[in-house]
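The values are calculated or read from the model by the stated rules, or taken from the named source; none is laboratory data. The structure presented is a predicted model; accordingly, all values stated were derived computationally and were not measured. We place every Cβ from the backbone using ideal geometry, glycine too, and count neighbours over all the protein chains shown.
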Amino acid sequence: MRSHGREAGPPLLTEEELNRARYTITDLLDDLRAPRSHAELIAAGSQLYERLADFFLRANRQWSARGKAIPRRLKQVDERLGAELDHGFAEMFSKGDAGPVIDLAKRILAPYGGLLFEGYRSEAPREWRREPAGPGGSEED
């Protein structure tokens, strides 16, 4: 990967951040394998595009991008991968063929443990949890 005068990249992703991103990407890929409609393929694919690009960039200690800036950022960091992502998503959105995107996502995730479903569990922070109601009470008491 080329450096563009940015000596210090973003902080390394923690193991939990990597796993959460792998899980989310795996879940979206699962949606692409068996979409219920072309509209759902587009919806899941749209989410996957940004998440996959963000994962690739952040896992490689590069600053990420959002929305329309993603293709430009990927071209700066890895022109070949950016072209593969463009081609794969164009095929998927125009022809409904998710195969190239699924294959590319697997390659991007491989160095970090690959797809992640089995055994993954993420705990919500304690402050997000509601305490169970006491005996005979309800949560609205």
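Scanning the stretch 16-27 for residues that are among the aliphatic types (A, V, I, L, M) and more than 8 Å from the chain's Cα centre (by Cα) turns up just one, LEU18.
Residues of the stretch 30-45 that are within 10 Å of ALA98 (Cβ to Cβ) and within 17 Å of the chain's Cα centre (by Cα): ASP31, LEU32, ARG33, LEU41, ALA44, GLY45.
Of all residues being without any contact (Cβ under 8 Å) to a residue 24 or more places away in the chain, surrounded by 14 or more Cβ atoms within 10 Å (Cβ to Cβ) and not aliphatic (A, V, I, L, M) in the stretch 36-86, which is nearest to PHE117 (Cα to Cα)? Just the residue, please.
Residues of the stretch 36-86 that are without any contact (Cβ under 8 Å) to a residue 24 or more places away in the chain, as a first pass: 36-37, 39-40, 43-44, 46-47, 50, 57, 65-75, 79-80, 82-84, 86.
Imposing the further condition that a residue be surrounded by 14 or more Cβ atoms within 10 Å (Cβ to Cβ) reduces the set to 43-44, 47, 50, 57, 65, 70-71, 73-75, 82, 84, 86.
From what's left, not aliphatic (A, V, I, L, M): 47, 50, 71, 73, 75, 82, 84, 86.
Working: GLN47: 18, GLU50: 20, PRO71: 28, ARG73: 29, LYS75: 30, GLY82: 26, GLU84: 25, ASP86: 26 Å.
If we take residues in the stretch 36-86 being without any contact (Cβ under 8 Å) to a residue 24 or more places away in the chain, surrounded by 14 or more Cβ atoms within 10 Å (Cβ to Cβ) and not aliphatic (A, V, I, L, M), then GLN47 is nearest to PHE117 (Cα to Cα).
Residues that are among the acidic types (Asp, Glu) and assigned to a helix (DSSP H, G or I) within the stretch 63-117 comprise GLU79, GLU84, ASP86, GLU91, ASP103, listed in sequence order. Candidates ALA110, ALA98, ALA133: the one that is more than 23 Å from ASP31 (Cα to Cα) and either at pLDDT 95 or above or of a type in the set (A, V, I, L, M, F, W, C) (or both) is ALA133. Taking the conditions (1) touching a residue at least 40 places away in the same chain (Cβ under 8 Å); (2) loosely packed, with under 12 Cβ neighbours inside 10 Å in turn, ALA98 satisfies each one other than (2).
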